[in-house]
Amino acid sequence: MLWAAAGGYLWLGYTLFQGSPGGPGVCLIKEVTGVPCPSCGTTRAIEALAHGNLQASFLLNPFGLLVFALMMVIPVWVVVDLLTGKTTFYRAYQRSEQILRRKYIAIPLAILVLLNWVWNIMKGL
């Protein structure tokens, strides 16, 4: 998981500092099918949020707000756990997996992802 987070930070850093803000992202699904995936626009949403534009971020992809919050909290949490020798992040991760497996939570979340996907397709992202 930490490798995925590091990759995410590297990609975000690359997009923020490449000199073409708001430029096209890279989505394998969209490149192959021509249809945006549910997370298309998340990088640009985080970029907009990093520049203080909450409205643009939300309109690009609401997932960007969640991803941005996680990118700010998780590294600090992991470092604190490493420094204190605790496993609070790991336990919280395991607990969140248990909660997300419950149908009454998983189904509404899946519907939200599908609605976001439809929204991405409709706005031609």
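The values are calculated or read from the model by the stated rules, or taken from the named source; none is laboratory data. Source: prediction; values computed, not measured. Heads up, the Cβs are rebuilt from the backbone with ideal geometry, glycines too, and the neighbour counts pull from every protein chain shown. All accessible areas refer to the heavy atoms of the entire protein, side chains included, with ligands and DNA or RNA removed. Shrake-Rupley method; radii C 1.70, N 1.55, O 1.52, S 1.80 Å.
At-a-glance table
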item	result
Surrounding net charge for Thr88, when Lys and Arg each add one and Asp and Glu each subtract one, Cβ distance under 11 Å	+2
Whole-percent carbon and sulfur share, accessible surface of segment 29-125, 1.4 Å	72 percent
Over the chain: helical MRE at 222 nm, DSSP H runs n ≥ 4 each giving -39500 (n - 2.57), nearest 500	-23500 deg cm²/dmol
Probe 1.4 Å, protein heavy atoms only - accessible area per residue of the chain in square angstrom	70 Å²
³J(HN,Hα), Karplus 6.51/-1.76/1.60, whole Hz, each residue of segment 43-54, x for Gly, Pro	4, 5, 5, 5, 4, 4, 5, 5, 8, x, 9, 5
Dipole of the chain, positive direction: furthest Cα of Trp11, Ile121, Ala106, with charges on the beta-carbon	Ala106
Rounded to whole Hz, the Karplus (6.51, -1.76, 1.60) HN-Hα couplings of segment 83-93, x for glycine and proline	6, 9, x, 9, 10, 5, 5, 4, 5, 5, 4
Which labelled figure in (i) -0.46, -0.64, -0.94, -1.34; (ii) -0.30, -0.43, -0.66, -1.30; (iii) -0.56, -0.69, -0.86, -1.19 is log10 I(q)/I(0) by the Debye sum over Cα atoms at q = 0.11, 0.13, 0.16, 0.22 Å⁻¹, once derived from the coordinates	(i)
